[in-house]
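Structure, as structure tokens:
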Amino acid sequence: MFCCDTDGLLKELRVAHEPNEWRLFIDASKLSLKAVLLNNGNELPSIPVAHAVYMKRTYHNLKQLLEMINHRKYGWQICADLKVVSLLMGLQPGYTKHFCFLCLWDSRAIALHYIKRD
């Protein structure tokens, strides 16, 4: 289920839609994708705009979700966990050597995980 007419949905809920006052939260699990609009000041309720069951967490599915809800038109900031962000950035999914796109921390170098420095 995708909401293609976000303006109509918010109008029906009697909520003013200023795209810069909303964030798009994407939650992806192994079997479902969910997208919810969150108000920046938490003054308004969260508004679900997409829920897809049996849709795996892949770049193609996330791209399709963003296209279906017209993300390009509104330009909401995206909030998500690191797995979703890495998929959106086009990084390799799964257990990789450098899984974080922000650093080059080697997740397989177990001997270096807990080095204490002054």
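Checking a compactness column here: for the range 6-80, what do you get for Rg(Cα) / (2.2 N^0.38 Å), N being the number of residues?
Numbers: Rg = 12.3 Å, N = 75, 2.2 N^0.38 = 11.3 Å.
The range 6-80 yields a ratio of 1.08.
Between Val53 and Lys11, what is 0.36 nm times their sequence separation minus the Cα-Cα distance? Round to one decimal in nm.
Details: separation 42, 0.36 × 42 = 15.12 nm, distance 2.65 nm.
Contour length minus the Cα-Cα distance gives 12.5 nm.
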Original post:
Given H placed on each backbone N at 1.01 Å, which residues far from Ile78 in sequence or on other chains put an amide H within less than 5 Å of it?
Top reply: Leu24
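Computed from the coordinates by the stated procedures, all read-outs in this text should not be read as laboratory data. Owing to the predicted nature of the structure, the values given are computational and were not obtained by experimental measurement.
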